[in-house]
1. By counting other Cβ atoms within 10 Å of each Cβ, how are 35, 49, 99 ranked from fewest to most?
2. Pulled fully out, how much extra length does the chain show between residue 72 and residue 111, if you take 0.36 nm times their separation in residues and subtract their Cα-Cα distance?
3. Counting only helical runs of four or more DSSP H residues, what would the 222 nm mean residue ellipticity of the chain come to if each run contributes -39,500 (n - 2.57) and the total is spread over all its residues?
4. Helix 82-95 against the longest principal axis of the chain: what's the angle in degrees, Cα atoms only, rounded to the nearest 10?
5. Residue by residue through the range 18-26, what is 3J(HN,Hα) from phi via Karplus (6.51 cos²θ - 1.76 cosθ + 1.60, θ = phi - 60°)? Round to whole Hz and write x for glycine and proline.
Amino acid sequence: MLGRPPGRATASRLRHPVTNPEQLFAVGYAACFHSALRVVARQQKADVSDSAVGAKVELGSLEDGGFGLAVELEVTLPNVDHETAQKLTEAAHQVCPYSNATRGNIEVTLTVTDD
């Protein structure tokens with residue numbers, strides 16, 4: 001186990017809210033997935049110019065007593081029809097490095113919205 005370097009601020013020492021690891025993971029996953037989505041869309045010549053990807057990450061208990069994560073990625077692709085948006089999202093999920101790193105290890109839900 002790594003110790004904390006002396007003089008570093010910890011969440012318990014700060015009076016202001018701090019970003020937690022789950023939020024950092026969510027931001028990283030959403031950004032990575034969005035990049036993968038743009039690559040897939042470019043290959044398929046789809047317009048994703050006004051697209052957005054958001055992520056929600058939850059921390060919970062596992063059956064074996066440990067802890068685990070669950071992720072929901074919310075993808076908005078207003079310039080393509082819903083079926084195309086779904087296909088692009090699924091294709092991005094196959095090439096996204098975060099998706100590949102977490103596949104089979106955490107639950108990831110993909111939600112395509114029409115907003």
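1. 49, 35, 99
2. 13.3 nm
3. -12000 deg cm²/dmol
4. 50
5. Values per residue, Gly and Pro as x: 10, 6, 9, x, 5, 5, 5, 4, 4 Hz.
Readers should treat all values here as calculations from the given coordinates under stated rules, not as data from a laboratory. Everything quoted here is computed from the prediction, not taken from an experiment. Glycine also receives a Cβ, built like all others from the backbone with ideal geometry; neighbour counts cover every protein chain displayed.
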